[in-house]
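See below for the structure under consideration.
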Amino acid sequence: MADAPPVPQPRVLHVITDPRRRGAQNLARDLHRELLRRGQPSALRALHPHPDAGPDGTDAPVLGPSRHHPATLRALRRAARDADVVVAHGSSTLQACAVALLGSRVPFVYVNIGDPRHWTASPARRLRVGAMLHRAAAVSAISDGAREVLLERFKLPARRVRTIPNARAAEQYPPAADDAERRTARAELGLPPDGPLVAWVGALSAEKRPDLALAALERLPGVTLALAGEGPLRAALEPAERAHFLGRLTDPAPLYRAADALLLTSDSEGVPGVLIEAALAGLPAVATDVGWVSDVVRDGRTGTLVPPGDPDLLADALTALLGTDRAPLAAAARSHALAHFALDPVTDAWQRLLRDVAG
């Protein structure tokens, strides 16, 4: 009997808010590239430009001047005509896809990255977001905990909400091979060659709490903090003693290889990609226990979790981590990330969902 012909894979259009390399945009890029590598038609578009995107954002052509501008929505609808499924990555793309694709035969999948309890705190916003979520053919939750919140908060049909973890391509975040490679990475970033180094990666914005990172640093004599990212708080935060503001890094992997620990200080998160990246690089973390951070940071096994908002507890946790043998934590962090957040099995799950949505 002849083998059955392969099932054609649906054409996919990934929509991100802007061309910056952060959070939801990074997952979209990795998934887009992996689908292309597997031979599946895939395109990537950004709703609007951003001044911090830089030249590395040219892989995501911009649709219009702002996220909900009529010209942007018209361009999105035109781009969707060449797709069988549209994937909306992050909260800013939800309304754009819900409006632009209204009456269209092209379904869209919404990727929930953050904690919906945080970004739909008001009743009015909860109603508005809920109405748009019900327009989606499917919703992807990054954690079983996030899925339960989506089901309870917005009364979505259970069959339309799937848990598909956040993910990163492991080969992009290799651990430092030895101390020489670590010192080389520090030299390339202009960081001190010796002494404890803590990395902080994210937007310099209020919800990420970089101020807590600097407050913890004041309690850690002899420790250096390297902050990678841009945002509205930068001017107010620098200069700070023993803190190096690196700006936006096209590739944060060298910083992970340079550092001894990662610090996450956010008041709200989903399952942060930065924690996955650091874990793949064998970098243990001290993180605030918000959202579903605990999916990545296993307290006492791959790092340390502390309640949000307390620089003393952050400093104590970093002191303990930096003062211990970090090799077992590093190995456990990488092993856990490879088992749960590697791109290959996550892409398998995405391909199944895309086929189901496309019919």
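The values are calculated or read from the model by the stated rules, or taken from the named source; none is laboratory data. Fair warning: this is a prediction, and the values are worked out from it, not measured in the lab. Here the Cβ positions follow ideal geometry from the backbone for every residue, glycine too, while neighbour counts run over all protein chains shown. These area figures cover heavy atoms from the full protein model, side chains too; ligands, DNA and RNA do not enter into them. Shrake-Rupley method; radii C 1.70, N 1.55, O 1.52, S 1.80 Å.
Please determine whether any residue of region 245-264 is modelled with pLDDT of 95 or more, of a type in the set (D, E, K, R), surrounded by fewer than 23 Cβ atoms within 10 Å (Cβ to Cβ) and in contact with an Asp or Glu (Cβ under 9 Å, 6 or more places away or on another chain). No, region 245-264 contains no residue that is modelled with pLDDT of 95 or more, of a type in the set (D, E, K, R), surrounded by fewer than 23 Cβ atoms within 10 Å (Cβ to Cβ) and in contact with an Asp or Glu (Cβ under 9 Å, 6 or more places away or on another chain). Flag: Leu283 matches the condition of being touching a strand residue (DSSP E or B) at 6+ places or on another chain (Cβ under 7 Å), over 23 Å from Glu148 (Cβ atoms) and part of a loop (DSSP other than H, G, I, E, B).
Does region 286-310 hold any residues that are of a type outside the set (D, E, K, R) and either assigned to a strand (DSSP E or B) or open to solvent by less than 10 Å² (accessible area, probe 1.4 Å) (or both), and which are they?
Of everything in region 286-310, those that are of a type outside the set (D, E, K, R) and either assigned to a strand (DSSP E or B) or open to solvent by less than 10 Å² (accessible area, probe 1.4 Å) (or both) turn out to be Val286, Ala287, Thr288, Val293, Val296, Val297, Thr302, Gly303, Thr304, Leu305, Val306.
Kindly check whether there is at least one residue in region 63-71 that is under 24 Å from Ile142 (Cα atoms) and at pLDDT 95 or above. Within region 63-71, none of the residues are under 24 Å from Ile142 (Cα atoms) and at pLDDT 95 or above. The sole residue among Glu241, Glu207 that is assigned to a helix (DSSP H, G or I), open to solvent by 50 Å² or more (accessible area, probe 1.4 Å) and farther than 19 Å from Pro284 by Cβ is Glu207. Inside region 210-222, residues that are crowded, with 20+ Cβ neighbours inside 10 Å and part of a loop (DSSP other than H, G, I, E, B) make up a count of 0.
For His50, the stated conditions do not hold, so it cannot be described as of a type outside the set (Gly, Ala, Ser), within 19 Å of the chain's Cα centre (by Cα) and modelled with pLDDT of 95 or more. Within region 165-192, residues that are farther than 20 Å from Ala339 by Cα have Cβ atoms under 7 Å from residues that are in a loop (DSSP other than H, G, I, E, B) and of a type in the set (A, V, I, L, M, F, W, C) in these pairs: Arg182/Ala176; Ala185/Ala176, counting only partners at least 6 apart in sequence or on another chain.
So, in region 44-55, how many residues would count as being open to solvent by 30 Å² or more (accessible area, probe 1.4 Å) and either in contact with a helix residue (DSSP H, G or I) (Cβ under 9 Å, 6 or more places away or on another chain) or touching a residue at least 60 places away in the same chain (Cβ under 8 Å) (or both)?
5
Restricting the search to helices (runs of 4 or more DSSP H) fully inside region 100-196 and requiring at least 2 residues that are among the hydroxyl-bearing types (Ser, Thr, Tyr), open to solvent by less than 40 Å² (accessible area, probe 1.4 Å) and closer than 24 Å to Ala228 by Cα gives an empty result. Per the conditions (1) at negative phi; (2) open to solvent by less than 60 Å² (accessible area, probe 1.4 Å), the sole criterion not satisfied by Gly23 is (1).
For region 84-122, filtered to residues that are within 22 Å of the chain's Cα centre (by Cα) and among the small types (Gly, Ala, Ser), the residue that is farthest from Ala24 (Cα to Cα) is Ala121. One residue alone among Arg74, Arg29, Arg78 is charged (D, E, K, R), surrounded by fewer than 22 Cβ atoms within 10 Å (Cβ to Cβ), without any contact (Cβ under 8 Å) to a residue 24 or more places away in the chain and in a helix (DSSP H, G or I), and that residue is Arg78. Residues that are touching a strand residue (DSSP E or B) at 6+ places or on another chain (Cβ under 6 Å) and of a type in the set (D, E, K, R) within region 31-46 comprise just one, Arg45.
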